[in-house]
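Taking it in order: structure first as structure tokens, then the write-up.
A short reminder: the numbers here are calculations on the coordinates, not readings from a lab. Note that the structure is predicted; figures quoted are calculated from it, not measured.
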Amino acid sequence: MPKQKTHSSSKKRYRKTGTGKFMRAQAFKKHILTKKTAKRKRQLRRIIEVSPAEHKRLKQLLPYK
């Protein structure tokens, strides 16, 4: 029986919680950090839930997660 392949870049960027939500890291934290305040950088450390609009796409990209 053919099997689906897991999307390689997606499995590195997203993780699934026990309740089935997808979590992701926030953008704007990689470079040009000197002009950003300490508060802003601290808040960007958190992982946040993926928007509901993206759930269908992620379920296809990550079929076995």
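With 20 Å as the limit, write out which pairs from 12/59; 16/36; 11/56 have Cα-Cα distances beyond it, or answer none.
Result: 16/36 exceed 20 Å.
Using amide H atoms built in the peptide plane, which far-off residues or other-chain residues are under 5 Å from residue 50 H to H?
22, 23, 24
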